[in-house]
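Structure, as structure tokens:
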4 protein chains.
Amino acid sequence: MKGDSKIRTDLALEVRESFEEDDVEIKGVVLEEEYLEEKDVKVTTVIIKDEKGAEAMRKPIGTYITIEAKKLQEKDDDYHASVSEEVAKYISKLVGDATEKGVLIVGLGNREVTPDALGPWVVDNLFVTRHLIREFGDEFGKKNHLKSVSALAPGVMAQTGMETMEILKGLIKETHPGIVIAIDALAARSVERLNTTVQITDTGISPGAGVGNNRQALNKESLGVDVVALGVPTVVDAATIVNDTMERALQTQGFSEGEIQSFLHEVSDSKAIHNMFVTPKNVDESMKCISYTISEALNSCFCGKE
Amino acid sequence: MKGDSKIRTDLALEVRESFEEDDVEIKGVVLEEEYLEEKDVKVTTVIIKDEKGAEAMRKPIGTYITIEAKKLQEKDDDYHASVSEEVAKYISKLVGDATEKGVLIVGLGNREVTPDALGPWVVDNLFVTRHLIREFGDEFGKKNHLKSVSALAPGVMAQTGMETMEILKGLIKETHPGIVIAIDALAARSVERLNTTVQITDTGISPGAGVGNNRQALNKESLGVDVVALGVPTVVDAATIVNDTMERALQTQGFSEGEIQSFLHEVSDSKAIHNMFVTPKNVDESMKCISYTISEALNSCFCGKE
Amino acid sequence: MKGDSKIRTDLALEVRESFEEDDVEIKGVVLEEEYLEEKDVKVTTVIIKDEKGAEAMRKPIGTYITIEAKKLQEKDDDYHASVSEEVAKYISKLVGDATEKGVLIVGLGNREVTPDALGPWVVDNLFVTRHLIREFGDEFGKKNHLKSVSALAPGVMAQTGMETMEILKGLIKETHPGIVIAIDALAARSVERLNTTVQITDTGISPGAGVGNNRQALNKESLGVDVVALGVPTVVDAATIVNDTMERALQTQGFSEGEIQSFLHEVSDSKAIHNMFVTPKNVDESMKCISYTISEALNSCFCGKE
Amino acid sequence: MKGDSKIRTDLALEVRESFEEDDVEIKGVVLEEEYLEEKDVKVTTVIIKDEKGAEAMRKPIGTYITIEAKKLQEKDDDYHASVSEEVAKYISKLVGDATEKGVLIVGLGNREVTPDALGPWVVDNLFVTRHLIREFGDEFGKKNHLKSVSALAPGVMAQTGMETMEILKGLIKETHPGIVIAIDALAARSVERLNTTVQITDTGISPGAGVGNNRQALNKESLGVDVVALGVPTVVDAATIVNDTMERALQTQGFSEGEIQSFLHEVSDSKAIHNMFVTPKNVDESMKCISYTISEALNSCFCGKE
């Protein structure tokens, strides 16, 4: 079972794919796929229902929605707008009524490192309203179809000296949002998914996710408020790509699973690729596009027609 | 007395200068000047000793140190290093022993608006250590002459929907720094002082300071911990420059103080220059220089020899 | 006649306005105004017909079209699209058939100095095609409604050590475009026009235009090919704003024109405001918007439906 | 012989290393190594003396100097200064007296794509002087120890629609520099060399070099003036890293050279990693450092003591 080998991915969808037979049912895990033909967008929902499923998937119980939109790489305004609508639809579904008490959107990551800058870039384009509603009153918000939106891109621990969790905990106690939406860059297993895929989950952010930075979980348990996480894979770990390419080559050559595992073990010890990541040549440009698409989705969720 | 006219400046030094006779003593205000000839740096200390002085100066009781370094505009590494040393000396003086419990450095302002980006840019170059000391222990810090430094550039209310005060209040409760250092861009009255002057004060940040953004005070009263503020004037209000140029021209022409005030009143009503500021053409470049100089000063204060 | 006083503006429209009576005809200068009500856009055409007009206006003979769109400051995608259409219409009108031989778009200015970065930012968003047409053939261009577009943002003399004219001259000899479009940031007299106005002219760029940088003319005479210049005022000279505010105040107070001129002379000698400019606080944001609007206009002119 | 397999590297040093036995002499190629102990810098000179050597190395006849400075990753100002000195020394050696007629420094690459931005970033920090010497005369230059330096970062073909060669050809005809120095980001084979290595060569830039962009050669033949190229490896091709890691693993497992080549062939066909590159997580930061170090080297070469 491929699922046994060390899969480095933040996408529940890719964890699910790593099980050998796609059609075999994994206990405690429900998989739904939908292809929106007119939009050329594929939506996959992975629901981890119980501890059994969580163990198999090595991810917390909850819902993981993945929106795959291959053409996000192209400069097609209409396509971006329609993907933005889909993203908005699923965010709305997962956040539910909690937004009545206000939304805090947190852009995780380091704005100085392009593939890690998704969160800060999304926050840069948000329409924030909390201060307006506090100044002009709830009526103003209702009339203009505005939810109370606040936002922060706190930076990473190497920049702040503080855990993101510490920064958010105090903030939430002071400002009492009804829900937190955390935006983050993810690591995928497949290069085809880079900057063309959005994962939305109601499980928050788990330790060890992302580009290899350990940080404490951001979820209801740690923050005292529900956390919806929205992520886009922007990198593949260099070790993962070496691993996968090698595995495929060895399988083609007819090697046994045991021999293959022995090679992979060899590779995973290679220091040369430690702390290296693989990213497409146009990463800056394609991240600018997708971060704008996500900002627009969030703006349309919480700020009327805009 | 010129002090009566509306002076828009964040520099205590310029408020003091606005009183007609420089040598006249203002009750409750002590003025000390020092010119470091070998360094070509002028240091002026304004001490507001009591309520009487605070009223005359329209600034809180406390110490205001201004370091003027005209050559900061030039690309002279040695000069920058020696200014950095002076800045470090006076920061150390004002923060005192409070750093033993850790320093939180806050970069105020909007990194998307160049003349307001001083705070974020300074934070970008800081050496933060709090997470290292928490991981490797107090001994590690002592051995390497590191104080515990954390840092945040939270952005402005239009970006976050939250008062800076709200963000910091929670953060301070979670992380318990011994002192806060707030870095901010200031407005000056004189264009000669732009990007060549550093003001350091133990009074924190008062409402209405800066480029016209009203925000609540950041000081011991609001945050529960001492706040040292370090600021650099990066803009002159357009109204101020019009006012001052006009006043000088009218005085040269022999007009009476009454006539002059009547003109100035006329000008201050002009909407054309509302929300406009005056800045040198090389503002991006000169702010990069001075923000680096300040980062180095802070790094040397709290991180040993570095 | 106000036209006598030193008017620092790059907008022909503002030079024309500086003559005392708007309805008085100036010999050799034709003025046409059109207000597009449904679009909320005002288009003014100043045509300098002969040497007499050129002398009065202190600008070369030619056509100057000014598009004023006050709401460009607001974030309204539809409005931006409709302004973009107007800009495209007048560019097409001025460039005519010369585009058949290819267009070279030049982004003048310094990308490191925000109010001077208009040209480089416009070029950043252009769709360039010359290399595609050379690779895939003229048929490819025709089928896709693409003109041959090349582009360069050479930087300013302080960055390159070369006159823009020297850089372009060689380039034009090598690549033979049918027309050059030069994009540049301008200085206006009125702050209301900043980042809301586009001037398009078939006279190229004249010496001394812009933010006070002297550079040689870019026009048919110097480059050997027609030059259409497109500019947006992004700054007001500090001296201009002081001058104008003062003039208005003095007029209100009933001073004679002679007394006023004597004051203005006084002010214009003030070194304090030399090399200073006045710019709105949101200059970075509003320049991002308008540069994008102009890029889209150029893309739609030369690259089919895009 | 390893040299037979497809090595994707722009470093002559790495091509030389790819030959199986380091000590075996390759006909027509001279190798000199020097380790500067007190500086902790290694300098390797590869001289390709004749066509035989050029064929074996698949690189033009000429001198290739590689400066390896492992500690460039660390923030150590003294170390950077001493590396900068070494770089300056070898640039001076290769450019020789040609600088008397002026130097044109060209920053190749795309400033919007971080690992390709080395050239533009180096140019951003250069001290250019050509316009000053033209204004104040040759005497001014001599008195201040300034050579005539001009600079351009023209952007890549996808941004300009023009070959870099076309842009430079015209420019050189207009401005007549004595020598061109071309700065470019390179691809290496080994991740350890990223952002810690500088290659300087008198052979100019050859087609197909760099991050996979085909462009025409920049050398004496194409430009009519000598071209010294200075490059820093900032990426490893994803295919290269997969290839090398795999080869090592297979060798460890005792496979024959034939079997290994068969696998590598398999891998090189994998589309998944086409157009992907591997880069360290801190690429933005480390490129800022090394580009500054190179600017300083060039400034010290041509602008006296600065």
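The values are calculated or read from the model by the stated rules, or taken from the named source; none is laboratory data. Please read all numbers here as calculations on a predicted model, not as lab measurements. Cβ coordinates were reconstructed from backbone atoms using ideal geometry, including for glycine residues, and neighbour counts include every protein chain displayed. Protein only, heavy atoms only, side chains kept; ligands, DNA and RNA dropped before computing areas. Shrake-Rupley method; radii C 1.70, N 1.55, O 1.52, S 1.80 Å.
Mind listing whichever residues of the range B:220-250 are facing chain C (nearest Cβ under 10 Å) and assigned to a helix (DSSP H, G or I)? Result: B:Ala238, B:Ala239, B:Ile241, B:Val242, B:Asn243, B:Asp244, B:Thr245, B:Met246, B:Arg248, B:Ala249, B:Leu250.
Being of a type in the set (S, T, N, Q) and at pLDDT below 80 is the requirement here; does D:Asn214 meet it?
Working: of a type in the set (S, T, N, Q): yes; at pLDDT below 80: yes.
Yes; evaluated as a whole, the condition is true for this residue.
Residues in the range C:38-85 that are closer than 30 Å to A:Tyr292 by Cβ, open to solvent by 40 Å² or more (accessible area, probe 1.4 Å) and not charged (D, E, K, R): C:Gln73, C:Ala81. Mind checking whether some residue in the range D:116-126 is touching a residue at least 40 places away in the same chain (Cβ under 8 Å), within 14 Å of another protein chain (Cβ to nearest Cβ) and surrounded by fewer than 20 Cβ atoms within 10 Å (Cβ to Cβ)? Within the range D:116-126, one or more residues are touching a residue at least 40 places away in the same chain (Cβ under 8 Å), within 14 Å of another protein chain (Cβ to nearest Cβ) and surrounded by fewer than 20 Cβ atoms within 10 Å (Cβ to Cβ). Close contacts from the range D:78-97, counting a first residue that is touching a residue at least 40 places away in the same chain (Cβ under 8 Å) and a second that is open to solvent by less than 20 Å² (accessible area, probe 1.4 Å) and in a helix (DSSP H, G or I), with Cβ to Cβ under 6 Å and a gap of 6+ residues or different chains, come to D:His80/D:Thr293; D:Val83/D:Thr293; D:Ser84/D:Thr293; D:Ser84/D:Ala297; D:Val87/D:Ala297; D:Ala88/D:Ala297. Restricting the range B:275-285 to residues that are open to solvent by less than 10 Å² (accessible area, probe 1.4 Å) and either in contact with a Pro (Cβ under 9 Å, 6 or more places away or on another chain) or at pLDDT 95 or above (or both) leaves a set whose member that is farthest from B:Val149 (Cα to Cα) is B:Phe277. On the stretch given as the range D:15-30, residues that are surrounded by 17 or more Cβ atoms within 10 Å (Cβ to Cβ) and modelled with pLDDT of 90 or more total 2.
Of the residues D:Ala229, D:Ala238, D:Ala188, the single one that is out of contact with any Leu (no Cβ under 9 Å at 6 or more places or on another chain) and surrounded by 24 or more Cβ atoms within 10 Å (Cβ to Cβ) is D:Ala238. Screening D:Gly155, D:Gly170 for residues that are out of contact with any Ser or Thr (no Cβ under 7 Å at 6 or more places or on another chain) and assigned to a loop (DSSP other than H, G, I, E, B) leaves exactly one candidate, D:Gly155.
Kindly indicate which of A:Gly161, A:Gly155, A:Gly204 is on the phi > 0 side of the Ramachandran plot and more than 10 Å from every other protein chain (Cβ to nearest Cβ).
On the way: A:Gly161 fails: more than 10 Å from every other protein chain (Cβ to nearest Cβ); A:Gly155 fails: more than 10 Å from every other protein chain (Cβ to nearest Cβ).
Every option except A:Gly204 fails the conditions.
Among the residues making up the range D:127-145, those that are within 11 Å of chain C (Cβ to nearest Cβ) and either under 24 Å from D:Thr164 (Cβ atoms) or touching a Gly at 6+ places or on another chain (Cβ under 9 Å) (or both) are D:Phe127, D:Val128, D:Thr129, D:Arg130, D:His131, D:Leu132, D:Ile133, D:Arg134. Among the residues of the range D:248-255, is there at least one that is open to solvent by 30 Å² or more (accessible area, probe 1.4 Å) and at pLDDT 85 or above? No - not one qualifying residue is present in the range D:248-255. Of all the criteria given as (1) aliphatic (A, V, I, L, M); (2) in contact with a strand residue (DSSP E or B) (Cβ under 8 Å, 6 or more places away or on another chain); (3) modelled with pLDDT of 95 or more, the one not satisfied by A:Ala88 is (2). The numbered conditions (1) in contact (Cβ under 8 Å) with a residue 12 or more places away in the chain; (2) outside any loop (DSSP other than H, G, I, E, B); (3) aromatic (Phe, Trp, Tyr) are all true for C:Phe140 except (1).
One residue alone among D:Ser190, D:Ser148 is out of contact with any Gly (no Cβ under 6 Å at 6 or more places or on another chain), hydroxyl-bearing (Ser, Thr, Tyr) and within 9 Å of another protein chain (Cβ to nearest Cβ), and that residue is D:Ser190.
Can you work out which of the residues in the range A:93-104 that are under 18 Å from A:Ile47 (Cβ atoms) and not charged (D, E, K, R) is least open to solvent (accessible area, probe 1.4 Å)?
Going through the range A:93-104, the residues under 18 Å from A:Ile47 (Cβ atoms) turn out to be A:93-96.
From the residues that got through so far, the ones that are not charged (D, E, K, R) too are A:94-96.
Details: A:Leu94: 36, A:Val95: 11, A:Gly96: 36 Å².
Looking at residues that are under 18 Å from A:Ile47 (Cβ atoms) and not charged (D, E, K, R), I get A:Val95.
Taken as a whole, the structure places A:Ile183 among residues that are more than 14 Å from chain B (Cβ to nearest Cβ) and closer than 17 Å to B:Gln159 by Cβ.
For the range B:173-184, a residue qualifies if it is open to solvent by 10 Å² or more (accessible area, probe 1.4 Å) and not in a loop (DSSP other than H, G, I, E, B), and the qualifying residues are B:Lys173, B:Glu174, B:Thr175.
Tell me yes or no: at least one residue of the range A:147-154 is under 30 Å from A:Met276 (Cβ atoms), surrounded by fewer than 21 Cβ atoms within 10 Å (Cβ to Cβ) and out of contact with any strand residue (DSSP E or B) (no Cβ under 6 Å at 6 or more places or on another chain). No, the range A:147-154 contains no residue that is under 30 Å from A:Met276 (Cβ atoms), surrounded by fewer than 21 Cβ atoms within 10 Å (Cβ to Cβ) and out of contact with any strand residue (DSSP E or B) (no Cβ under 6 Å at 6 or more places or on another chain).
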